[in-house]
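See below for the structure under consideration.
The values are calculated or read from the model by the stated rules, or taken from the named source; none is laboratory data. Everything quoted here is computed from the prediction, not taken from an experiment. As a convention, Cβ positions derive from the backbone with ideal geometry for all residues, glycine included, and neighbour counts pool all protein chains shown.
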Amino acid sequence: MGRRLECLILARKGQSGMKLLACVTIALAAVIPPVINATPAKPVAAHSSVAVVSHKKTIPSSLVLLYSASAQGQIRSCNCTKFRFGGYGRELTLLKSIRSSAKDVLLIEGGDLCGGDSGFQADLKADVASKAIGILGYNAMAPGEEELGARDVQYLKRFDPKSVPIVCANLYKTGETKPLYPPFVICHTSGGLDVAVIGVVDGSLVGAALTTTFGMEAKNPLEGLGAIVKQARAKADLVVLVYHGVPAADSGLDKIQGIDLILTSHPHSSARIFPVKDSNSIEAPVKKLGGAVLINSETSTNWSLGRLDLELGTDARIKSAKHTLFYLDRSYDEDPAMVKVYDDYNERVKKVVLDTAAEFKKNAEALLTKRGLDLNQMRLRLHKSPFTTSDKCKDCHAQIYDIWANSSHAHAMTTLQKTKQEFDPECVRCHTTGTSVRNGFSNFKDTPQLANIQCEACHGPGQDHIKAPAKGFGKAGEETCRSCHTDERTPDFDYAASWAKIMH
């Protein structure tokens, strides 16, 4: 207030006009509060004695919007077959290529990165996913039921909003009126396009655990959505709604004005859209819902990355949209930055496997000792394996052994060792002998003699057969092969062609 009086005194004393103007400016600043997070004003022309002319914002003519959803804990391709798809390492390689050729690119995660299984590996995979989306450079994430606790484990807390913004307009802590996460985020492209990404989730997908276990609630996704869209619209050129769910036909979503594009990121069906042979991309459907472009997510289990090529008008409205799925096959190398994340994951898996085995052995031996039993005798009795290894089979079946020794089955563990996955329980079952049988393969440290897919992996334990050889032992057929060569793991598996290579 003293500075304001000083300015008035200067004015009365006849100070120059420029100094008076500066003082008046200071006086106004003293009484008018600052505006926090104000939307920047549009550029204006330089002052002239004739008029002030506003320059209209230049809207980029196109936007590449990339998305992923429903990875379901699949962090990496198993690398076992030629056509095995997926993985964050390959995705990063593809992203670098896209970003080097397109100026305006956004990357959105639609939720359900986690889940797909349970146990300690699901927890470790959630950590990988949280690191991966930061390295990949996702612009926004709308969580799904897997992150919110559909399997009684809430993985959402493992994701850092400072690394990748989390948006969810309808997720609340029980009894509170402010959502846990921002309803939307404004993403700025290098070409100057401002895109609002709004997130909502269908709470019915999570179930009662969201409230009873985690003290949260997901309100009706459409409740208050119109007002949120209006807020986002005022700050953005383009408004994208990520709806984690399958909105009902009569939900009223089509009536909400101001949305340019809706991405539904929960699977609508289990059917997949596959590229034709010798191709790794395929065009996917583009629909309309009210005044918005509607895209139903077609990515799942982290096999592919969705790409939307949007042609924009000068008013930033979408003139046309093309939807393409890029399947992450072997033509994309794994980026070294992501391989480091995988290696760390594999080391953590190995530690859990070996620590668990050691703890089990320690507790079992302590119990036997407590009961007064001789440990050496018990080890001989309990650890006697019904498996004899292929070396023993060779004594009677030399020709068949040679066929096996020259097959990929004989080197199955080497495939895992190349990517440091030889201790991964999800992998070793189909790369070893007797994993699911008592005293069969345990882990690569304790039972290395049962590594690889040996004779007994398909024909069964051979100890009794050696004692009393008989025809008809260990009959195996296509069903045996398909216990590992499933449509999920090896979609290109041809039983007849594969059997011809190892016929015996």
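Exactly one of (1) assigned to a strand (DSSP E or B); (2) over 17 Å from Val64 (Cα atoms) is unmet by Lys340. Its number?
It is condition (1) that Lys340 fails.
For segment 330-346, which residues satisfy the criterion of being of a type outside the set (Ser, Thr, Tyr) and either under 22 Å from Gly137 (Cβ atoms) or without any contact (Cβ under 8 Å) to a residue 12 or more places away in the chain (or both)?
Let us first name the residues in segment 330-346 that are of a type outside the set (Ser, Thr, Tyr), namely 330, 333-341, 343-344, 346.
Once the filter is applied, which keeps residues that are of a type outside the set (Ser, Thr, Tyr) and either under 22 Å from Gly137 (Cβ atoms) or without any contact (Cβ under 8 Å) to a residue 12 or more places away in the chain (or both), segment 330-346 yields Asp333, Glu334, Asp335, Pro336, Ala337, Met338, Val339, Lys340, Val341, Asp343, Asp344.
Give me a count of the residues in segment 293-316 that are over 14 Å from the mean Cα position of the chain (by Cα) and on the phi < 0 side of the Ramachandran plot. If you could, list the steps in order and put the result at the bottom.
Keep residues of segment 293-316 that are over 14 Å from the mean Cα position of the chain (by Cα), which gives 293-296, 307-316.
Add one more test, that the residue is on the phi < 0 side of the Ramachandran plot, and what stays is 293-296, 307-315.
Total satisfying the criteria: 13.
Considering only residues that are among the polar types (S, T, N, Q) and closer than 19 Å to Glu109 by Cα, look in segment 227-268 and name the one that is surrounded by the most Cβ atoms within 10 Å (Cβ to Cβ).
Restricting attention to segment 227-268, the residues satisfying the condition of being among the polar types (S, T, N, Q) are 231, 251, 257, 264-265.
Pick out the ones that are also closer than 19 Å to Glu109 by Cα and you get 264-265.
On the way: Thr264: 23, Ser265: 28.
By that ranking, first place goes to Ser265.
Mind checking whether some residue in segment 321-330 is surrounded by 12 or more Cβ atoms within 10 Å (Cβ to Cβ) and part of a helix (DSSP H, G or I)? Spell out the reasoning first.
Filtering segment 321-330 for residues surrounded by 12 or more Cβ atoms within 10 Å (Cβ to Cβ) gives 321-330.
Applying the additional criterion that residues be part of a helix (DSSP H, G or I) yields none.
No.
It is to be established whether one or more residues within segment 332-349 are surrounded by 13 or more Cβ atoms within 10 Å (Cβ to Cβ) and closer than 30 Å to His459 by Cβ.
There is at least one residue in segment 332-349 that is surrounded by 13 or more Cβ atoms within 10 Å (Cβ to Cβ) and closer than 30 Å to His459 by Cβ.
Give the residues of segment 162-203 that are out of contact with any helix residue (DSSP H, G or I) (no Cβ under 9 Å at 6 or more places or on another chain), over 18 Å from Val105 (Cα atoms) and not in a loop (DSSP other than H, G, I, E, B), sorted by residue number.
Tyr172, Lys173, Pro179, Gly199
Given Asn363, Asn346, which one is modelled with pLDDT of 95 or more and within 40 Å of the chain's Cα centre (by Cα)?
Details: Asn363 fails: modelled with pLDDT of 95 or more.
Just a single option satisfies the conditions, and that option is Asn346.
Taking segment 47-86 as the search range and keeping residues that are of a type in the set (A, V, I, L, M) and more than 28 Å from Asp237 (Cβ to Cβ), which one is modelled with the lowest pLDDT?
Among them, the one singled out is Val50.
Which of the residues that make up segment 453-491 are in contact with a Ser or Thr (Cβ under 7 Å, 6 or more places away or on another chain), under 20 Å from Ile502 (Cα atoms) and among the polar types (S, T, N, Q)?
Those that are in contact with a Ser or Thr (Cβ under 7 Å, 6 or more places away or on another chain), under 20 Å from Ile502 (Cα atoms) and among the polar types (S, T, N, Q): Gln454, Thr490.
For segment 139-154, which residues satisfy the criterion of being among the charged types (D, E, K, R) and buried (at least 24 other Cβ atoms within 10 Å of the Cβ)? Can you show your working first?
Just the residues of segment 139-154 that are among the charged types (D, E, K, R), to begin with: 145-147, 151-152.
Residues satisfying the conditions are Glu145, Glu146, Glu147.
Scan segment 108-135 residue by residue and report those that are assigned to a helix (DSSP H, G or I) and within 14 Å of Pro165 (Cβ to Cβ). Break it down stepwise before answering.
Within segment 108-135, the first condition is being assigned to a helix (DSSP H, G or I), and the residues that meet it are 120-135.
Selection gives Ser130, Ile133, Gly134.
Looking at Glu426, Glu422, can you tell me which residue is under 20 Å from Cys78 (Cα atoms) and assigned to a loop (DSSP other than H, G, I, E, B)?
Unique residue meeting the criteria: Glu422.
Name the pairs whose Cβ atoms lie under 6 Å apart, with the first residue in segment 200-212 and assigned by TED's automatic domain parsing to the domain that holds Lys173 and touching a residue at least 60 places away in the same chain (Cβ under 8 Å), the second in a strand (DSSP E or B) and buried (at least 23 other Cβ atoms within 10 Å of the Cβ), and 6 or more positions between them or separate chains?
Every condition considered, the pairs that remain are Val201/Ala218; Val201/His244.
Is it the case, given these coordinates, that Tyr342 is outside the structural domain of Val128 (by TED's automatic domain parsing) and in contact with a strand residue (DSSP E or B) (Cβ under 7 Å, 6 or more places away or on another chain)?
Details: outside the structural domain of Val128 (by TED's automatic domain parsing): yes; in contact with a strand residue (DSSP E or B) (Cβ under 7 Å, 6 or more places away or on another chain): yes.
Criteria met by Tyr342.
I want to confirm something. Restricting to segment 292-316 and keeping residues that are exposed (fewer than 14 other Cβ atoms within 10 Å of the Cβ) and not β-branched (Val, Ile, Thr), which single residue is nearest to Leu63 (Cα to Cα)? Outline the logic, then answer.
Taking segment 292-316 first, the residues exposed (fewer than 14 other Cβ atoms within 10 Å of the Cβ) are 311, 313-315.
Still in the running and not β-branched (Val, Ile, Thr): 311, 313, 315.
Numbers: Glu311: 7, Gly313: 11, Asp315: 13 Å.
Within segment 292-316, the match that is nearest to Leu63 (Cα to Cα) is Glu311.
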